[in-house]
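Chemist: There's a structure below that I have some questions on.
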Ligand code: AMP
Ligand code: TRP
């Protein structure tokens, strides 16, 4: 059976960008019983930001609750916690020996994060993170990895590592394909549309969190920056409006061209109010389900993780044994 793998890091509260670029699609995909779907929580990847332990626990459970709320149905799809399947760490170490410094130096996410500070003071974990991501994918023979735009380069590196290993030791890994949706693969910050909407900003006035209440969502959208001029239209000189139109198009199911026509001659105010209503309307039912699963006494999260752990371990351990055999590891 074909397999699909993707993950969401528990490094902060899930954003509307995560939902539009990834999780919304994961819910739809996992309804297809002809493929096995694995949507996991890469909590080992989260260590690169040295989170507070209690917060890490809370965010990890919350990520599972959001996955369930987005419709990742765990009867024929699996949710699991990365740290509960030790094969991920073990394969990472092995794959470190099939990845070069040159390759990791080219990863734009590392360059962005190391950024102004340079690489000297950066953690090895952050640098090595794409290798662990390769292990996450290759353990499951995933053919497809549905991600937002920012993760495409990491999946391409995974392809190179898999091909290199296969060439040296014979067919071992399936070479995966990243799938990035056409619209909404990079939702931008509402206060700075040159920046990706992200979980980890100290100032979250430009990031909509799925956890935000209705009033907060409305305020963030009504206060979103706009572009010069007054037309509700897309364009290279209109990054803010382009971003908001993409959000409205994906969530409302109307094409951007139709929306431009619909709002022609109408001001930013009316457009923003309609967008706020649409976002609130979309998130509200998800939050209700999420909050229900997070309540004390609900065992939904634990039972989903147990079900996922069982299948993930079975596949990951078998793959790791095969790799060790090939390498002469007793
Ligand atoms: P992360 O929050 O980095 O764990 O991302 C989880 C998934 O959401 C990945 O597939 C990302 O590519 C996707 N994603 C994160 N931020 C955005 C964004 N601003 N727009 C679209 N997709 C995003
Ligand atoms: N690096 C991904 C992100 O930041 C999360 C991730 C870790 C992932 N392992 C993965 C995504 C494997 C897809 C497949 O979003």
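Chemist: Order by neighbour count: 287, 58, fewest other Cβ atoms within 10 Å first, most last. Write down the numbers at each step before the final one.
Modeler: Numbers: 287 18, 58 15.
Lowest to highest Cβ neighbour count: 58, 287.
Chemist: Return the FRET efficiency for the residue pair residue 106, residue 298: r is the Cβ-Cβ distance, R0 is 51 Å, and the value is rounded to the nearest 0.05.
Modeler: Efficiency, rounded to the nearest 0.05: 0.70.
Chemist: Right, here's the next one. So for 45, 307, fewest C-beta neighbours within 10 Å to most, what's the order? Please report the intermediate quantities before stating the final value.
Modeler: Values: 45 22, 307 16.
Final ranking by Cβ density, sparse to dense: 307, 45.
Chemist: Can you give me the angle between helix 239-252 and the longest principal axis of the chain, using Cα atoms only, in degrees from 0 to 90, rounded to the nearest 10?
Modeler: That works out to roughly 80 degrees.
Chemist: I would also like to ask the following. Is segment 178-291 rounded, prolate or oblate when judged by the Cα gyration tensor, a ≥ b ≥ c being the square roots of its eigenvalues, rounded requiring a/c under 1.5 and prolate requiring a/b larger than b/c?
Modeler: Working: a/c = 1.38, a/b = 1.35, b/c = 1.03.
Note, shape of segment 178-291 comes out rounded.
Chemist: Here's a follow-up. For the chain, what proportion of DSSP beta bridges, expressed in % and rounded to the nearest 5, is antiparallel? Mind dumping the intermediate values first?
Modeler: Numbers: 2 of 17 bridges.
Counting only bridges with both partners in the chain, antiparallel ones make up about 10 percent.
Chemist: What number, in percent, do you get for the relative contact order of the chain if the mean sequence gap of Cα pairs under 8 Å and at least 6 apart is divided by its residue count?
Modeler: 23
Chemist: Another question, if that's okay. Once you keep just the Cα pairs under 8 angstrom separated by 6 or more residues, what percentage relative contact order results for segment 212-292?
Modeler: 37
Chemist: I've got another one for you. Taking only DSSP H segments of four or more residues, each worth -39500 (n - 2.57), what value at 222 nm results for the chain once the sum is divided by all its residues, to the nearest 500 deg cm²/dmol?
Modeler: Theoretical 222 nm ellipticity from helices: -16000 deg cm²/dmol.
Chemist: What full-extension length gain, to one decimal in nm, is calculated for residue 96 and residue 306 as 0.36 nm per residue of separation minus the Cα-Cα distance?
Modeler: Contour length minus the Cα-Cα distance gives 72.7 nm.
Chemist: Then there's this: Given the Cα-Cα distance of residue 28 and residue 182 and 0.36 nm per residue of separation, how much length would full extension add, in nm? Let's see the in-between values first.
Modeler: On the way: separation 154, 0.36 × 154 = 55.44 nm, distance 1.58 nm.
Once the chain is fully extended between residue 28 and residue 182, it gains 53.9 nm.
Chemist: Could you work out the per residue convex hull volume over the alpha carbons of the chain, in cubic angstrom?
Modeler: Per residue, the Cα convex hull of the chain comes to 145 Å³.
Chemist: Same structure, new question: Pop the C-beta distance of residue 152 and residue 213 into the FRET formula with R0 = 30 Å and round what comes out to the nearest 0.05.
Modeler: E between residue 152 and residue 213, to the nearest 0.05, is 0.35.
Chemist: Once the piece of chain linking residue 119 and residue 225 is laid out straight, how much longer is it, given 0.36 nm per residue of separation minus the C-alpha distance between them?
Modeler: 34.9 nm
Chemist: Any idea what the relative contact order of segment 1-42 is, in percent, if you count C-alpha pairs under 8 Å spaced at least 6 apart? Each step should come with its number before you reach the end.
Modeler: Values: 36 pairs, mean separation 31.0, N = 42.
Worked out over segment 1-42, it gives 74 percent.
Any read-out appearing in this document is the output of simple, stated calculations on the displayed coordinates, not a laboratory observation. Please read all numbers here as calculations on a predicted model, not as lab measurements. Cβ: placed from backbone, ideal geometry, glycine included. Neighbour counts: every protein chain shown.
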